[in-house]
Amino acid sequence: MKTRSHRMPIVPFPVPLGAQVGRDGVQFTVFSRHATRVWLLLFDAPDADRPSREYELTPDRNRIGDLWHVYVADARPGQFYLYRMEGRAPAGRRNFFDPEQWLLDPYALAVAGAPRWGDTAWFRPGEYPKNGAHFPKGVVIRDEFDWSGDRTLRTPLHETVIYEAHLRGFTAHRSSGVRHRGTFAAFMEKLPYLRDLGVTAVELLPIQEFNEMEFFQENMGRRELRNLWGYSSVAFFAPNGRYAQGGVLGQQVREFKQLVLALHQAGLEVILDVVFNHTAEQSAAGPTYSFRGLDNDIYYLMDERPGDYANYSGCGNTVNSNHPIVRNFIMDCLRYWVLHMRVDGFRFDLASVLTRGPDGRILPNPPIVEQIAEDPALRDAKILAEAWDAAGAYQVGVFPHERWCEWNGKYRDDVRRFWHGTPGQLGALATRLAGSSDLFSANDRTPLNSINFVTCHDGFTLADLVSYNAKHNESNGESNRDGETQNYSCNHGVEGPAHDPAVNALRLRQQKNFLLTLLVSQGVPMLLAGDEFGRTQHGNNNAYAQDNEIAWVDWSLRREQADLHAFVRRLIAFRRAHPALRRQAFLHGGPAHADPTAAADVRWLGSNGGAPDWGNGSALGCLLRGDGVFTGVEMDDDHLLLLFNAGLAPVTFALPAAPGAPWRIEFATDDPPPALEHGALLLRLADRAAAVLVSERRPADHCSGRSLNGFC
């Protein structure tokens, strides 16, 4: 391909990287250490099959150190651009430089790719283009937006309730009742619902640019599937253009900012799921979009064999996240999303990859982990780690910096095991209810380092957790080999949908048990979107490629499961109203004490009022005092009694003396709810049921305010 070259002016200040709009032109800057020739390509349209102009950058005029730069005086916002590079890989390494390969700028703020989600006409089966009309192009963006109506929420962790959702899947179903389903604008229409539910933060699965048609382009057995989840980033600074209803020529940046502004105005923070452990370039046989052609050996961890990638992510490649250049890239990206896009935090997918050094070994003090924690621009940002990877690293409780919160996979597993009747789980349940001190009490951590969840996008929904004994992922095209096998699930007698009212009643009770346990536990709770009204994926526990009704939220269930929805709404309001459930330090106390007024934050009780049968029991009581004696924080709350029975038979609890006003039942998961007996000394709790009782410390007319559901 031959195009006319243009002479360029010398520009002395080639930073920051990316395409920076100036007064009368655009400064383009890109990094490559091992390139020997670089070309900037400018296009007049996103589907142009050849550039309208091409500039060759020469080492003597357009290179400072490892930065290649050029100022184009007549370029403007909306300009489409790419690069080409020629170079030499380090000795002993495979050379991925290809002067015919078009390359995205890693710092592109928007990408013009397929005009509509799932448009197969834009792609060719069995082909990843290296150039031409089908190759995605960067878009020059002038970063301007009126944030005057914005406010930084800074919701404290102890007041945070996270709602994990997929942006497209949340509104793609025909029952969602929104315009422009599956878009940023559609999600905005659901903000009144989220605000009414009571959550404080939305955690969005990846919204950065990715290729939903990658399976179609592979032209293998999964050709008809689309990458819904998006854990396959193409451009880390760019919001996904197919989530914008107005177009992909930069509108996606504005529409995402409008969503963030609307979230903040609704009192909701936004946490982005970010994927810095691997990229969409997959294995050495995968497509080249950017990093591989820019400087492969800088951006990726390489295997001992030339040309092979180390694969700690399970996705074909592993980002070399602790290389100084890559660290700078990650930090620039995070700062951009906080400072320019105003997001409130990040959840780091397979975050243990961030702890690996150039040889793949776990570092005791990984520089990127500390840098993220200590960066001044990110100090208000919530940072959450999925503290494991696909190569065996599991760092829950030991992720190497105290400011990081962690998805608590042990909480998920222990709570599931308890409610599905695994023997000997009382101690594990008590530990998780109390904030997982076994994991987080060291190194100045608190219960707030624990992100508690029972379900998330990766696994069964809550309704499926109580309806299936085994995963049913056949529709994923991987012969049901994918997805977690050990789910600690139970179908309660029937695999899948049941017509027996008794089975369905038990499943509903178990869903309530899980939700009640989650929302009365110390730590930061996270709900999976749709679990509050029984969303099902029909037994699929790995719906990454199900861009259909399997993975979409079916909003008709909100009416069908109105009782469950109301229950969750009340639970969230109750948690918000009771600081005893949101402590910022670990509980102090022990087993049942002869004197129920003795100074202790918590007492653990068996059904007989004495010590629990830790080894063999299935029933547990937890008395939480509302005065915070040992926490060091002033607290003026009611006393709470939490009762759990995972056994197959009813249990009569001998209740401790109420520390304040007489006990009253606030929540019960069995139907009909139990009644207090013999002067509020006994409570008979059904099999597989839970209850919350309250002993008020002060008269109701002393309440300083009323919550959404009438709790003080």
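Computed values, structure above
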read-out	value
Only listed residue being in contact (Cβ under 8 Å) with a residue 40 or more places away in the chain and not in a strand (DSSP E or B), chosen from Asp60, Asp49	Asp49
Breaking point among (1) part of a helix (DSSP H, G or I); (2) under 20 Å from Phe145 (Cβ atoms); (3) among the basic types (Lys, Arg), for Arg342	(1)
Checklist (1) over 22 Å from Leu109 (Cβ atoms); (2) under 38 Å from the mean Cα position of the chain (by Cα); (3) of a type outside the set (S, T, N, Q) applied to Arg63, failing item	(2)
Residue match in the range 311-325 (condition: assigned to a helix (DSSP H, G or I), of a type outside the set (Phe, Trp, Tyr) and over 25 Å from Phe453 (Cα atoms))	yes
Glu189 vs. criteria modelled with pLDDT under 95 and either of a type in the set (D, E, K, R) or more than 30 Å from Gln20 (Cβ to Cβ) (or both)	no
Subset of the range 350-362 that is surrounded by fewer than 24 Cβ atoms within 10 Å (Cβ to Cβ) and of a type in the set (D, E, K, R) - its residue that is nearest to Ala390 (Cα to Cα)	Arg361
Matching residues in the range 467-481 - criterion: being in a loop (DSSP other than H, G, I, E, B) and free of Cβ contacts under 8 Å to residues at least 60 places away in the same chain	Asn469, Ser479, Asn480, Arg481
Some residue of the range 497-507 being out of contact with any Asp or Glu (no Cβ under 6 Å at 6 or more places or on another chain), crowded, with 17+ Cβ neighbours inside 10 Å and within 20 Å of Phe667 (Cα to Cα)	yes
Answer from Trp102, Trp117 - the residue that is in contact with a Lys or Arg (Cβ under 6 Å, 6 or more places away or on another chain), at pLDDT 90 or above and under 20 Å from Gln208 (Cβ atoms)	Trp117
All positions within the range 234-253 that are over 15 Å from Val343 (Cα atoms) and aromatic (Phe, Trp, Tyr)	Tyr243
Gly126 being loosely packed, with under 14 Cβ neighbours inside 10 Å and outside the structural domain of Asp295 (by TED's automatic domain parsing)	yes
Residue in the range 477-486 that is under 22 Å from the mean Cα position of the chain (by Cα) and crowded, with 23+ Cβ neighbours inside 10 Å present	no
Matching residues in the range 83-114 - criterion: being part of a loop (DSSP other than H, G, I, E, B), touching a helix residue (DSSP H, G or I) at 6+ places or on another chain (Cβ under 7 Å) and either surrounded by fewer than 20 Cβ atoms within 10 Å (Cβ to Cβ) or not assigned by TED's automatic domain parsing to the domain that holds Phe28 (or both)	Ala89, Pro90, Arg93
Selection count where residues are part of a loop (DSSP other than H, G, I, E, B) and not hydroxyl-bearing (Ser, Thr, Tyr), scope the range 231-276	13
Odd one out for Phe135 among (1) touching a helix residue (DSSP H, G or I) at 6+ places or on another chain (Cβ under 7 Å); (2) closer than 27 Å to Met220 by Cβ; (3) part of a loop (DSSP other than H, G, I, E, B)	(1)
Single condition Val15 does not satisfy, out of (1) in a loop (DSSP other than H, G, I, E, B); (2) surrounded by 22 or more Cβ atoms within 10 Å (Cβ to Cβ)	(2)
Residues being over 20 Å from the mean Cα position of the chain (by Cα) and of a type in the set (D, E, K, R) - total across the range 506-563	9
Condition met for Leu506 (assigned to a helix (DSSP H, G or I) and touching a strand residue (DSSP E or B) at 6+ places or on another chain (Cβ under 7 Å))	no
Cβ-Cβ under 9 Å pairs, at least 6 apart or on other chains, the range 239-266 side surrounded by fewer than 19 Cβ atoms within 10 Å (Cβ to Cβ), far side charged (D, E, K, R) and modelled with pLDDT of 95 or more	Gln245/Arg179; Gln245/Glu255; Gly246/Arg254; Gly246/Glu255; Gln265/Asp150; Ala266/Arg195
The one condition in (1) under 27 Å from Ala381 (Cβ atoms); (2) in contact (Cβ under 8 Å) with a residue 40 or more places away in the chain that Tyr299 fails to fulfil	(2)
Out of Gly589, Gly609, sole residue that is closer than 17 Å to Leu426 by Cβ, at pLDDT below 95, surrounded by 17 or more Cβ atoms within 10 Å (Cβ to Cβ) and out of contact with any Gly (no Cβ under 6 Å at 6 or more places or on another chain)	Gly589
Residue list for the range 598-609, restricted to those being closer than 24 Å to Phe586 by Cβ and assigned to a loop (DSSP other than H, G, I, E, B)	Ala598, Ala599, Ala600, Asp601, Gly606
Qualifying residue in the range 195-206 (condition: without any contact (Cβ under 8 Å) to a residue 40 or more places away in the chain and in the same structural domain as Thr455 (by TED's automatic domain parsing))	no
Neighbours by Cβ (under 6 Å, 6+ apart or cross-chain): first from the range 676-687, assigned by TED's automatic domain parsing to the domain that holds Pro656; second aliphatic (A, V, I, L, M) and exposed (fewer than 15 other Cβ atoms within 10 Å of the Cβ)	Asp687/Leu648; Asp687/Ala649
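The values are calculated or read from the model by the stated rules, or taken from the named source; none is laboratory data. What you see is a predicted model, and the numbers here were worked out from it, not measured in a lab. Glycine also receives a Cβ, built like all others from the backbone with ideal geometry; neighbour counts cover every protein chain displayed.
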